[in-house]
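Laboratory data are not the source of any read-out in this text; all were calculated from the coordinates shown. Bear in mind the structure is a predicted one, so any value in this text is a computation, not a measurement. Cβ placement follows ideal geometry from the backbone for every residue including glycine, while neighbour counts extend to all protein chains displayed.
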Amino acid sequence: MNAKDPEELFLEKVQGLLDHGTENLGSHTERRLEDIRGEALTAAEEKRSRFFPPRRWVLVGSFAMATLAAVGLFFWLSPSATTPPPTGQIEDLEIITSQEQIDFYQNLDFYRWLGSKEIRKRPNGKGL
Amino acid sequence: MSRFLAEVERRAFQMAKFATRNRDEALDLVQETMLQFVRRYSIRPQQEWKALFYRVLRSRITDWYRRTFVRRKILAWLGRPEEEDPEDPLQSLPDTGNPNPSDHALRQEQRGVLEKAIRALPLRQQQAFLLRAWEGMDLKQTAFVMKCSEGSVKTHYSRAVHTLRGLLEGIRS
């Protein structure tokens, strides 16, 4: 026969008495515990619905889709890197990168007009 | 979640009542514990719930203990008598459903002696004893719940058992 340790017996007895104490707590206490549990379950449900709010996911998803569409449209409409630039743009680039005075190009029409005047003044029509 | 709360609520209430010696205070503590537990930990794995629930309960009881200590000090300083903790009248009602009244009376008496002895324990010893002996938690879980080392749990528990054994010689036999 397995004789139980007195310590073990004592603890078993204590557990039994403590469990017995929870069996009949009284109608007021039991009703209040039920109410508390109901309140806690409602709070848990609210917490869960706040963690996964359906409307927020729809908003976030729509925003992400709109952003993706805008980015896609931008790349689709923008000119590709391999397309040669128009001629006018090359000339502009040469003017900008040249070492000459930019004032000269701005007054180009004036110099042309001046040149034509000088030619007209000479009787033989020759230049300088 | 509903089943878990239904399983722990009675023991939680009794533990809170041992600490507060007051039914309404104990119910308030259980309410605070349940709400805090579901708000913080309801999304955690189910196997962690028990330890987390009792950790919240222990924390709420400790807060209550501190508040009450300060209130009692102030009341004593003002010269007012301390509030008496009313005994639950339902506890003394006879259980008519029990077939053996003398056995039941003995059990009631033993329970009364045990509960009084547990209430008389220092708070940390009381918690260590209830968590280990009643809830069946191991050292590691109890240390987690009590936010202390396993060595401290061992000390509190063995002191509690020693005191209770001395006080409850009749129950042992």
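Structure data summary
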| read-out | value |
| --- | --- |
| Phi to ³J(HN,Hα) by Karplus 6.51 cos²θ - 1.76 cosθ + 1.60 over segment B:43-58, Hz, x for Gly, Pro | 8, 7, x, 4, 5, 8, 4, 4, 5, 5, 4, 5, 5, 5, 4, 4 |
| Efficiency of FRET between A:PHE74 and A:GLN106 - r from beta-carbon atoms, R0 41 angstrom, step 0.05 | 0.70 |
| Cross-link reach list, lysines versus A:LYS117, counting only Cα pairs under 19 Å and skipping chain neighbours closer than eight places | A:LYS126 |
| DSSP-assigned coil residues among trypsin sites (Lys or Arg not before Pro) in segment A:1-35, each with at most 11 further Cβ atoms within 10 Å | A:LYS4 |
| Residue-wise HN-Hα coupling along segment A:6-15, computed from phi with Karplus coefficients 6.51, -1.76, 1.60 (Hz; x: Gly, Pro) | x, 5, 5, 4, 4, 5, 4, 5, 4, 4 |
| Burial ordering of B:HIS162, A:HIS20, B:HIS156, fewest other beta-carbon atoms within 10 Å first | B:HIS162, A:HIS20, B:HIS156 |
| Cβ-based exposure ranking for A:VAL60, B:VAL145, in which fewest neighbours within 10 Å come first | A:VAL60, B:VAL145 |
| Candidate lysines - alpha carbon under 30 Å from B:LYS154, same-chain residues fewer than 8 apart omitted | A:LYS4, A:LYS13, B:LYS17, B:LYS50, B:LYS116, B:LYS140 |
